[in-house]
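The values are calculated or read from the model by the stated rules, or taken from the named source; none is laboratory data. Keep in mind the model is a prediction, meaning the values are calculated, not measured. Because the Cβ atoms are built from the backbone with ideal geometry, glycine has one as well, and the counts that use them run over all protein chains shown. Accessible surface areas use protein heavy atoms only, side chains included; no ligands, DNA or RNA. Shrake-Rupley method; radii C 1.70, N 1.55, O 1.52, S 1.80 Å.
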Amino acid sequence: MSRQAFKPTAVDEHIGQRVQLRRQMMGLSQKDLAKICGVTFQQIQKYESAGNRISASRLFELSTALETPVSFFFRGLPGNMPEQPRNGRVPHVSEQTQNDPLSKNESLELIKLYWKLPNDDQRAMVMKMLKTLNGVD
């Protein structure tokens, strides 16, 4: 019996992008994450690029290593099922993340800098400033 070549789905691509996003948000390299998970950095590269599908148990391990719930990796997918069409077709992952502020490097940098502030008082001041600039009470 011949084995068919793996072809990543939009869900595989989305999950890989979310792994990469969370890893970068935490300031981890692929090598760092690989060491935590007990795999090679090449394996992390393949997960992030959707070259390899991530098993449920590995996704759980990644969520633990990246200190986020498993549901984080599925946020942004349309509907409850990936096959659910929108306007008669299944949207591609790139369409889903174009307007997602977390997919922008500027957002990642802002988040990193915010959490590098030395205390809660400074973070509260930054948050107050941002709310004021946006007219939010």
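Summary of values
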item: Condition met for residue 57 (at pLDDT 90 or above, out of contact with any strand residue (DSSP E or B) (no Cβ under 7 Å at 6 or more places or on another chain), part of a helix (DSSP H, G or I) and not aliphatic (A, V, I, L, M)); result: yes
item: Hits in region 26-60 (condition: out of contact with any helix residue (DSSP H, G or I) (no Cβ under 6 Å at 6 or more places or on another chain) and either over 30 Å from residue 115 (Cα atoms) or in contact (Cβ under 8 Å) with a residue 60 or more places away in the chain (or both)); result: 27, 51, 55
item: Pick from region 108-137, criterion in a loop (DSSP other than H, G, I, E, B) and over 27 Å from residue 23 (Cβ atoms), ranking: most open to solvent (accessible area, probe 1.4 Å); result: 137
item: Filter result (under 12 Å from the mean Cα position of the chain (by Cα) and in a helix (DSSP H, G or I)) within region 60-69; result: 62, 63
item: Residue 64 being of a type in the set (S, T, N, Q), surrounded by fewer than 17 Cβ atoms within 10 Å (Cβ to Cβ) and free of Cβ contacts under 8 Å to residues at least 12 places away in the same chain; result: yes
item: Members of region 3-52 found to be of a type in the set (A, V, I, L, M, F, W, C), farther than 19 Å from residue 67 by Cβ and open to solvent by 50 Å² or more (accessible area, probe 1.4 Å), listed by number; result: 5, 6, 41
item: Top-ranked residue in region 10-51 [being assigned to a loop (DSSP other than H, G, I, E, B) and at pLDDT below 90; ranked as farthest from the chain's Cα centre (by Cα)]; result: 27
item: Condition check for residue 98: more than 27 Å from residue 5 (Cα to Cα), exposed (fewer than 13 other Cβ atoms within 10 Å of the Cβ) and modelled with pLDDT of 90 or more; result: no
